[in-house]
């Protein structure tokens, strides 16, 4: 028995519950989730006055009552941490490239409908952010028929989403303009979404793995957002979901996925592309290709878990002297901070990632990887001045760091200081000619300057390096895209320049 009066959740029992949850929802709980599942089960068993796991499993699988109980269990085992305008570069891409391109295409046919699906919407911050973006971006939004469907497997979060009221933490990435225009402060800590935004969103229960897709019933979607949902799925479920998304999108539609997700070896029908500081995926090789081609390449995701040795835990030997033990403890503290900051970064909780990375920088001011992580947090928050400071510090510590120079080039590019960006990318290539992404960034800049021959040369240089299959520092900045995908992007861009 455990401290709460319930029997121990054995490995066999954990796997029975895990496999049933996976079968019913597609969500796969790794072994380290044993304690989280035990806590969820004990909470529900206490409410039902059930004292053993076998009895609760029978209730969960009951033909009549099981479905509702299963939804209650999912409410407790799924993580619903999010915020408004999460991952600002993706909303920049939506506002600056995707929506204008879709609007132009629809105006040519006289179509005034726009359909967006927020799949895995959690407590509603994402679909409401989409609605606000549409109101600010569409020309005469009142002339459009806008359908925004928001779905989730958790009935609890859907109920919270429909209320439309949030604590201040959920607004941490919200621009002040939107906060003033579309929210009403209620009490000291709560903010409620304006009714004009709430009425644009329809919330509904939906299971991505087991249920028929609404797109196949109601028609194709122009845009699908499904971010940080499939990271909890196994590979076969991810493939099914992405194939269904492709089928559900209209010709020329766009898919936005999470910061740490990729379609590499998942689905080869979507066209991956750089849009500003984000990667997005598009259906069809013909429609809207010029808009994608004009976008600048940028930073999406950095695999900091493999950057250097900062995240490695060092275990002290039993016979270590006191001074050595203290040093080992400091090393473990640093590694723990780095791992925590990285985990927050992957989940796109940039505020938390920034706090942990800043702690590490204060604890270890000469840790170049910590400065790189902190710089990338600032980049994704649009705080380029702070990002620049951290990138410069990296180069103070490691003047020949390709990552430092490449990061500085990305920041300069974001600031539209293209001459400085070109110099930094050339410095990267002076140090390491095989740094493929520096060739791609240079090519993209040359392209925007109508220097077609130089752009083609750099795209070919990138292809040559990528074709050799030698992964280097550039891979940490590839946003989940590997060699084959990047080569295809380069070839497509060369074809457009021909």
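The values are calculated or read from the model by the stated rules, or taken from the named source; none is laboratory data. This one's a predicted model, so the numbers in the text were calculated from it and none came from an experiment. Positions of Cβ are generated from backbone atoms using ideal geometry, with glycine treated the same way; all protein chains shown enter the neighbour counts.
Taking the numbered list (1) within 25 Å of residue 380 (Cβ to Cβ); (2) touching a helix residue (DSSP H, G or I) at 6+ places or on another chain (Cβ under 9 Å); (3) touching a residue at least 40 places away in the same chain (Cβ under 8 Å) in turn, residue 485 passes all entries but (2). When you check residue 114 against the structure, is it in contact (Cβ under 8 Å) with a residue 12 or more places away in the chain and in the same structural domain as residue 124 (by TED's automatic domain parsing), yes or no? In short, yes.
Given the structure, is residue 137 modelled with pLDDT under 90, surrounded by fewer than 18 Cβ atoms within 10 Å (Cβ to Cβ) and assigned by TED's automatic domain parsing to the domain that holds residue 225? No. Can you find, within region 75-102, the residue that is surrounded by the most Cβ atoms within 10 Å (Cβ to Cβ) among those that are touching a helix residue (DSSP H, G or I) at 6+ places or on another chain (Cβ under 6 Å) and modelled with pLDDT under 85? Across region 75-102, the extreme among qualifying residues is 82.
Reported count of residues in region 403-434, each being surrounded by 21 or more Cβ atoms within 10 Å (Cβ to Cβ) and farther than 21 Å from residue 451 by Cα, is 7.
For every residue, the table says whether it meets (1) within 27 Å of residue 193 (Cβ to Cβ); (2) free of Cβ contacts under 8 Å to residues at least 12 places away in the same chain; (3) part of a loop (DSSP other than H, G, I, E, B).
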| position | (1), (2), (3) |
| --- | --- |
| 37 | no, no, no |
| 43 | no, no, no |
| 57 | no, no, no |
| 73 | no, no, no |
| 85 | yes, no, yes |
| 92 | yes, no, no |
| 102 | yes, no, no |
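Any chance region 151-161 includes a residue that's assigned to a strand (DSSP E or B), crowded, with 20+ Cβ neighbours inside 10 Å, modelled with pLDDT under 95 and in contact with a strand residue (DSSP E or B) (Cβ under 6 Å, 6 or more places away or on another chain)? Spell out the reasoning first.
Just the residues of region 151-161 that are assigned to a strand (DSSP E or B), to begin with: 151-152.
Still in the list and also crowded, with 20+ Cβ neighbours inside 10 Å: 151-152.
Then keep just the ones that are modelled with pLDDT under 95; that gives 151-152.
Subset that is in contact with a strand residue (DSSP E or B) (Cβ under 6 Å, 6 or more places away or on another chain): 151.
Within region 151-161 (the criterion being assigned to a strand (DSSP E or B), crowded, with 20+ Cβ neighbours inside 10 Å, modelled with pLDDT under 95 and in contact with a strand residue (DSSP E or B) (Cβ under 6 Å, 6 or more places away or on another chain)), the answer is yes, since at least one residue qualifies.
Keeping to region 365-385, report how many residues are under 22 Å from the mean Cα position of the chain (by Cα) and part of a helix (DSSP H, G or I). Steps first, please.
From region 365-385, those under 22 Å from the mean Cα position of the chain (by Cα) are 369-384; that's our starting set.
Checking the rest, the ones that are also part of a helix (DSSP H, G or I) come to 369-380, 384.
Qualifying residue count, region 365-385: 13.
Residue 209 meets all of the listed conditions (1) part of a loop (DSSP other than H, G, I, E, B); (2) exposed (fewer than 14 other Cβ atoms within 10 Å of the Cβ) but one, namely (2).
Within region 238-262, track down each residue that is in a helix (DSSP H, G or I) and under 18 Å from the mean Cα position of the chain (by Cα).
Taking region 238-262 as the starting set, the residues that turn out to be in a helix (DSSP H, G or I) are 238-248.
The answer is 238, 239, 241, 242, 245.
Restricting 266, 223, 231 to residues that are at pLDDT 70 or above, surrounded by fewer than 19 Cβ atoms within 10 Å (Cβ to Cβ) and either under 26 Å from residue 495 (Cβ atoms) or touching a helix residue (DSSP H, G or I) at 6+ places or on another chain (Cβ under 8 Å) (or both) narrows the list to 266.
Residue-by-condition table, conditions (1) modelled with pLDDT of 90 or more; (2) farther than 23 Å from residue 263 by Cβ; (3) not in a helix (DSSP H, G or I):
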{"position": "399", "(1), (2), (3)": "no, yes, yes"}
{"position": "405", "(1), (2), (3)": "yes, yes, no"}
{"position": "429", "(1), (2), (3)": "yes, yes, no"}
{"position": "458", "(1), (2), (3)": "yes, yes, no"}
{"position": "474", "(1), (2), (3)": "no, no, no"}
{"position": "481", "(1), (2), (3)": "no, no, yes"}
{"position": "490", "(1), (2), (3)": "no, no, no"}
{"position": "494", "(1), (2), (3)": "yes, no, no"}
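It is to be established whether one or more residues within region 126-138 are free of Cβ contacts under 8 Å to residues at least 40 places away in the same chain and in contact with a helix residue (DSSP H, G or I) (Cβ under 6 Å, 6 or more places away or on another chain). Don't jump to the end; show me each part of the working.
Pass one, region 126-138, residues free of Cβ contacts under 8 Å to residues at least 40 places away in the same chain: 138.
When the remaining residues are screened for being in contact with a helix residue (DSSP H, G or I) (Cβ under 6 Å, 6 or more places away or on another chain), the result is none.
No, region 126-138 contains no residue that is free of Cβ contacts under 8 Å to residues at least 40 places away in the same chain and in contact with a helix residue (DSSP H, G or I) (Cβ under 6 Å, 6 or more places away or on another chain).
Going residue by residue through region 22-30, is there one that turns out to be in contact with a strand residue (DSSP E or B) (Cβ under 7 Å, 6 or more places away or on another chain), at pLDDT below 90 and part of a loop (DSSP other than H, G, I, E, B)? Looking for residues that are in contact with a strand residue (DSSP E or B) (Cβ under 7 Å, 6 or more places away or on another chain), at pLDDT below 90 and part of a loop (DSSP other than H, G, I, E, B), one finds at least one in region 22-30, hence yes.
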